[in-house]
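Asker: I'd like to ask you about the structure that follows.
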Amino acid sequence: MKFIIFILLWIASGLANAQELAPSRISDTLEQRVKPCTICHGDEDRAGRDAYYPRIAGKPAGYLFNQLRNFRDGRRYYQAMAILLENLSDEYLLEIAHYFSSLKYPYPEPAAIALSPEETQAVETLIHSGDPDRDIPACSACHGQALTGTKPFIPSLLGLPHAYLAAQFGGWRNGGVMRGQTPDCMSEIAKKMTQEEVNALAMWLPTQPVTGEPAEAEKLAPELAQRCHTILSGEGFTQ
Amino acid sequence: MKSSNKFKFVGKRQIAVFAASALLPLSSIAASQPPADPDTEQAQRGAYLARAGNCMGCHTTRGGKPYAGGRVLKTPFGEFVSPNITPDNETGIGRWGEEDFWQALHYGKGRDGSYLYPVFPYTEYTKVTRQDADAIFAYLRSLSPIAQSNPPHKISAPYDNQFLLFLWRTWYFKEGVYEPDGSQSDEWNRGNYLVQGLGHCNACHTPRNVWGASQDDKLAGGEIMGTYWYAPSLISPREAGMGEWSVDEIAKLLSTGVTDHAVTSGPMATIVRQSLQYLSKEDMRAMAVYLQSLGEKRGEEAPKKTSPMPERVSKYLALGKPVYEKHCQECHGKSGEGVPGIYPPLAGNRNVTMTSSHNTIRSVLYGGFPPVTAGNPRPYGMPPFQHIIRDNEIAWVVSYIRNTWGNLGSLVSPEEVDASRGNEF
């Protein structure tokens, strides 16, 4: 109540004068334009490795472009990004994707391993050999031998926070609005995995040091490319 | 091999269509319209007018097929789902004739004679001429039909009642094509026609009563139903009245989304992106001429004495200063001067000082980019602060910018910050 009274006391009238405009002190760069993004996706590693914000610097441009359109068009859901992207065009999103793709931020130090040797063994098998019985190809067959992604549409699996990884698998497996509203190769694979495998992967991946560049597109086997054609078609994407 | 497959597919479809049509009453077969040619002059004019009316904005879901409907519009009366208006026979308006379309746009009546809900702004579109309506219809009929059925509206009782809707219409709906005012120029009349008709600026910029009806035809500003955005008055010089702006500057704001002094955000940025940026130079100028004439001038207001600031107030404002310096100053400047065309000034900014603080709070909570337009293809953006600083810091900094550099506005409490959180996404 007191608060309201003191607001009322200070309801003053009259309008402010427009101020003289200062000459531009702002640089005409994309870096300046995308300040709203770097508040969450910056290189400071804001709240430590457990933060939820995924890194986007250095990821393949086609992948970033697809995700930006997914967020804008409601195929992947995160409110803060949906609002920011609402009025941006494909052309501008492509430019933003190339910009972040070209950045080289330092990666966080690998996390300490908290898995038993048996669990580690199981994860490494899944990653490098997959499970033919369940039609799960090796993760590395698509994400590259070093798991640093395959240009231009398949992202790296390294340098991502544990909480973020767990949430992505949750999104794919449960369907819903978070991720993978439209089925694709990755959501199909995620659905075939057990909860234990997901937990172990989300623990193991952040323990890996990031070394090496993303693999070239030609490295992807034709049958895997076919499996992911909805993503790899990347309509509107140009280098 | 490939072509024979295709042939089979077409064959099956034709059989299916044939079988389906055999089951339909004769009348609806007769009413089904042949597809229209998109290249006629009429259809092309219709495409332009549909932009001016932003039909696509409501009749398309985020990332969905244009004009196939399915967008959910939240209001206090329930959730409305926009229908498919592509010329698909089963799920769209494929069986509609020109007269059916006129009944909808001009009278707000569905093809079966039922009353349509005024979330569809026929209360404004009623001003559109028959010739323009026919052109829009010719355009819609030239689109490829898209088979998409959308979920039904979820309207809360008692608003789901046709009789109530009938009463509402009797009280609040004035049917009638725009009548030019002979005492004004052609340009002004054209602007008035666009603003009050297809542009449906009234749909947001008027005060609403509890029945969701706009209070009168005046663009006096109002809270947009179902969101926490406030669409400011286009008359008052304390809000967004443009009586003291040049016609060029008004046209620039509405066609590019930014000027040296102002910026469009939220729902207004969306309107600029989806609709206003496509208006021809002449139409945009006409709109600006009309808007300028609507705006009241500040005139010779005697400079009012401001009472000395109570100590508690200055203490409260002082809390906002460090927040501003840490998080805002790099873009909006030491004295709130902004950077022309890039970052809006906060000093002397009516969006910041107007009575409703909703938009300012929302800008700080959610940030945003002005719309991408031909005139501003690579806009600079504002970060969202909802996860960066706490609600009480947002209240401090908003109170601070409303009362510094000559700005004067009421103070904002942390409760108001929380109450401004939106739910459109």
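The values are calculated or read from the model by the stated rules, or taken from the named source; none is laboratory data. Just so it is clear, the model here is predicted, and its values are computed rather than measured. Please note: Cβ atoms are built from the backbone with ideal geometry, for glycine as well, and neighbour counts cover all protein chains shown. The protein model used for the area step is the full one, side chains on, heavy atoms only, and it has no ligands, DNA or RNA in it. Shrake-Rupley method; radii C 1.70, N 1.55, O 1.52, S 1.80 Å.
Asker: Take every residue in peptide B:324-334, count the Cβ atoms of other chains within 10 Å of its Cβ, and give the average of those counts. Show your work: numbers first, answer last.
Answerer: On the way: counts 0, 0, 0, 1, 0, 0, 4, 3, 0, 5, 1.
The shielding value for this peptide is 1.
Asker: Grab the Cα-Cα distance for A:ARG25 and A:LEU115, subtract it from 0.36 nm times how many residues apart they are, and report the gain in nm with one decimal.
Answerer: Answer, rounded to one decimal: 27.3 nm.
Asker: Can I ask one more? Starting from the 7 Å offset along Cα-to-Cβ, what nm value, one decimal, do you get for the label separation of B:VAL177 and B:GLU244?
Answerer: About 4.1 nm, to one decimal.
Asker: Protein chains only, probe 1.4 Å: how do B:HIS261, A:HIS143, B:HIS327 rank by accessible area, largest first?
Answerer: B:HIS261, B:HIS327, A:HIS143
Asker: If the cut-off is 14 Å between C-alpha atoms, which aspartates and glutamates fall inside it for B:LYS281, apart from same-chain ones fewer than 8 positions away?
Answerer: Candidates past the 8-residue exclusion: B:GLU187, B:ASP248, B:GLU249.
Asker: Now for a separate question. Determine the order of A:PHE237, B:PHE385 by accessible area, beginning with the largest, at a probe radius of 1.4 Å. Intermediate results must be reported in sequence, preceding the final value.
Answerer: Working: A:PHE237 35, B:PHE385 15 Å².
Correct descending sequence by accessible area is A:PHE237, B:PHE385.
Asker: With a Förster radius of 22 Å, plug the Cβ-Cβ distance of B:ARG62 and B:LYS154 into 1/(1 + (r/R0)^6) and report the FRET value to the nearest 0.05.
Answerer: 0.75
Asker: While we're looking at this one, here's another question. Please build a GNM for chain B, connecting alpha carbons under 10 Å apart, and tell me which residue among B:ASP88, B:ASP160, B:ASP100 fluctuates the most.
Answerer: Judging by the Gaussian network model, the answer is B:ASP160.
Asker: Let me ask something else about it. At 222 nm, what value in deg cm²/dmol follows for chain B if DSSP H runs of at least 4 each add -39500 (n - 2.57) and the sum is divided by all its residues, to the nearest 500?
Answerer: Using -39500 (n - 2.57) per qualifying helix, the result is -12500 deg cm²/dmol.
Asker: Taking the full set of protein chains and a 1.4 angstrom probe, give the accessible area of B:ARG378 in square angstrom, rounded to the nearest 10.
Answerer: Here the accessible area works out near 80 Å².
Asker: What trypsin sites (Lys or Arg not before Pro) in the stretch B:145-201 are in a loop by DSSP, with at most 14 other Cβ atoms within 10 Å of the Cβ?
Answerer: Details: sites: B:LYS154, B:ARG169, B:LYS174, B:ARG190; in loops: B:LYS174.
Hits after loop and neighbour filter: B:LYS174.
Asker: Using the crude model of +1 on Lys and Arg Cβ and -1 on Asp and Glu Cβ, and no other charge, please compute the dipole size for the stretch B:41-172 relative to its Cα centre, in debye to 20.
Answerer: Computed charge dipole of the stretch B:41-172: roughly 340 debye.
Asker: Roughly what % antiparallel, to the nearest 5, for the DSSP beta bridges in chain B?
Answerer: Given both bridge residues lie in chain B, the antiparallel proportion sits at roughly 95 percent.
Asker: By a straight-distance test (C-alpha under 15 Å), which aspartates and glutamates pair with B:LYS334 as possible cross-link partners, with residues fewer than eight away in the same chain excluded?
Answerer: Qualifying aspartates and glutamates at Cα under 15 Å: A:GLU20, B:GLU325.
Asker: Amide H to amide H under 5 Å from A:GLY58: which residues, 5+ apart in sequence or cross-chain, H placed 1.01 Å off N in plane?
Answerer: Counting only residues 5 or more places away or on other chains, the set is A:SER101, A:SER102, A:LEU103.
Asker: Explain nothing, just the number: relative contact order of chain B, from Cα pairs under 8 Å at least 6 residues apart, as a whole percent. Show your work: numbers first, answer last.
Answerer: Details: 718 pairs, mean separation 54.0, N = 425.
Averaging sequence separation for qualifying contacts and normalising by length gives 13 percent for chain B.
Asker: If you don't mind, another one. Using a 1.4 angstrom probe with every protein chain in place, what is the largest-first accessible-area order of B:GLU187, A:GLU118, B:GLU337?
Answerer: Ranking B:GLU187, A:GLU118, B:GLU337 by accessible area, largest first, yields A:GLU118, B:GLU187, B:GLU337.
Asker: List every residue whose amide H lies under 5 Å from the amide H of B:GLY368, counting only residues 5 or more places away in sequence or on a different chain, with H placed 1.01 Å from N in the peptide plane.
Answerer: It is B:MET382, by chain and number.
Asker: Gap in Å between the Cα centre of the stretch B:65-96 and the Cα centre of the stretch A:127-159?
Answerer: One Cα centre to the other: 41 Å.
Asker: Continuing with the same structure: What are the extents of the Cα atoms of chain B along their three principal axes, listed from largest to smallest and rounded to whole Å?
Answerer: Projected onto its principal axes, the Cα set of chain B covers 82, 57, 45 Å.
Asker: Expressed in nm to one decimal, what extension gain is obtained for the pair B:ASP260 and B:ILE389 from 0.36 nm per residue of sequence separation less their Cα-Cα distance?
Answerer: That pair, B:ASP260 and B:ILE389, stretches by 43.6 nm at full extension.
Asker: Moving to a separate point now. Which part of the stretch B:337-360 falls in the paramagnetic zone of B:ASP418, meaning amide N under 20 Å from the point 7 Å along Cα-to-beta-carbon?
Answerer: What the label zone holds, given the 20 Å backbone N cut-off, is B:357-360.
Asker: Unpartnered cysteines of the protein assembly as shown (Cβ-Cβ under 4.7 Å counts as a partner)?
Answerer: Here A:CYS37, A:CYS40, A:CYS139, A:CYS142, B:CYS55, B:CYS58, B:CYS201, B:CYS204, B:CYS328, B:CYS331 come out as lacking a disulfide-compatible partner, given the Cβ-Cβ threshold of under 4.7 Å.
Asker: With charges only on Cβ, +1 for K and R and -1 for D and E, what is the dipole size of the protein assembly as shown about its Cα centre, in debye, rounded to 20? Don't jump to the answer; show the numbers that get you there.
Answerer: Details: 64 positive and 70 negative charges, 105 e Å.
Result for the protein assembly as shown is approximately 500 debye, rounded to the nearest 20.
Asker: Here's something else I'd like to know. How large is log10 I(q)/I(0) at q = 0.15, 0.18 Å⁻¹ when the Debye formula is applied to the Cα atoms of the stretch A:33-232, each weighted equally and without solvent?
Answerer: Debye output, listed in q order: -0.97, -1.49.
Asker: May I ask you to list the aspartates and glutamates whose Cα is less than 18 Å away from that of A:LYS151, ignoring any residue fewer than eight positions away on the same chain?
Answerer: Leaving aside aspartates and glutamates fewer than 8 places away in the same chain, those within reach of A:LYS151 are A:GLU95, A:ASP184, A:GLU213, A:GLU216, A:GLU218, A:GLU223, A:GLU235.
Asker: Right, next: Quantify how strongly other chains surround peptide B:237-244 by giving the mean number of their Cβ atoms within 10 Å of each of its Cβ atoms.
Answerer: 0
Asker: Counting only protein heavy atoms and rolling a 1.4 Å probe, how much accessible area do B and A lose on contact, total for both sides, in Å² to 100?
Answerer: 4800 Å²
Asker: For the pairs A:LYS35/A:LYS104; B:LYS65/B:LYS109; A:LYS35/B:LYS326; B:LYS74/B:LYS174, note any where the Cα-Cα span goes beyond 21 Å.
Answerer: B:LYS65/B:LYS109; B:LYS74/B:LYS174
Asker: Then there's this: When N is the residue count of the stretch A:139-213, what does its C-alpha Rg come to as a fraction of 2.2 N^0.38 Å?
Answerer: 1.08
Asker: What residue among B:SER236, A:TYR52, B:GLN44 has its Cα farthest toward the positive end of the dipole of the protein assembly as shown, where the charges are +1 on Lys, Arg and -1 on Asp, Glu, each on the Cβ?
Answerer: B:SER236
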